[in-house]
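Everything on this sheet refers to the single structure shown next.
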Amino acid sequence: MASAFRWLAALLLIATLGGCATPPLAPAPGPEVTPRTAATEALPETKQLWGGVIVRTENRPEYTRLEVVSYPLRNQEPQTGRMTNGRFLLEVPGFLDPVDYRTGRRITARGIVERTEAGRIGAVDYVFPVMVSSEVHLWPDPLVRERDPGRVRFGIGVGIGL
């Protein structure tokens, strides 16, 4: 009986903590439009929540421009194992350090898609939707493991020393 109570208490704790998780950015209102659809059909009328992988970072006097390969989002995190949704340009007011916002980093942004802009990907002409946003979330780099010196770690294993 005590064991069953412990299991129930553990499940309730997990459910409660999982319910407290909040996404890094406020959800975008209105219908979701992909960058590919915005470039080929019509610009969305509402703010959008797009994310993906940074391809290029360019700092300009008033803002930083990122070229992003868009991926579907799950809990606002780009799912890079899925097919892309096209590309978009992201303009963020101010300076974003290209060391932090470098090629390969995952990002999610919420903003208004203001226009499209002609560009090139290699030798191919491409139409980029341009999102203007001040709300961005840079996801942790999976290749960089941050150490937390205050965290206790332990493991169980079997080893043979020769």
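Figures for the structure shown
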| quantity | calculated |
| --- | --- |
| Cβ pairs under 6 Å, 6+ apart, first in region 79-108 and farther than 21 Å from GLU62 by Cα and charged (D, E, K, R), second surrounded by fewer than 20 Cβ atoms within 10 Å (Cβ to Cβ) and modelled with pLDDT of 95 or more | ARG82/PRO72; ARG87/VAL69; ARG106/VAL53; ARG106/TRP139 |
| Selection from region 67-88 of residues that are assigned to a strand (DSSP E or B) and either acidic (Asp, Glu) or touching a Lys or Arg at 6+ places or on another chain (Cβ under 6 Å) (or both) | GLU67, VAL69, GLU77, PRO78 |
| Subset of region 103-158 (residues that are of a type in the set (Phe, Trp, Tyr) and modelled with pLDDT under 75) | PHE154 |
| Among the residues listed as LEU96, LEU11, the single one being at pLDDT 95 or above and either of a type in the set (A, V, I, L, M, F, W, C) or part of a loop (DSSP other than H, G, I, E, B) (or both) | LEU96 |
| Count of region 31-73 residues which are of a type in the set (Ser, Thr, Tyr), modelled with pLDDT under 95 and either more than 16 Å from ARG110 (Cα to Cα) or surrounded by 14 or more Cβ atoms within 10 Å (Cβ to Cβ) (or both) | 3 |
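Residue-by-condition table, conditions (1) part of a loop (DSSP other than H, G, I, E, B); (2) more than 14 Å from PHE128 (Cβ to Cβ):
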residue	(1), (2)
LEU43	yes, no
GLY51	no, yes
ARG65	no, no
VAL92	no, yes
ILE107	no, yes
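The values are calculated or read from the model by the stated rules, or taken from the named source; none is laboratory data. Note that the structure is a prediction, hence the values are computed from the model and not measured. Backbone-built Cβ (ideal geometry, glycine too); neighbour counts: all protein chains shown.
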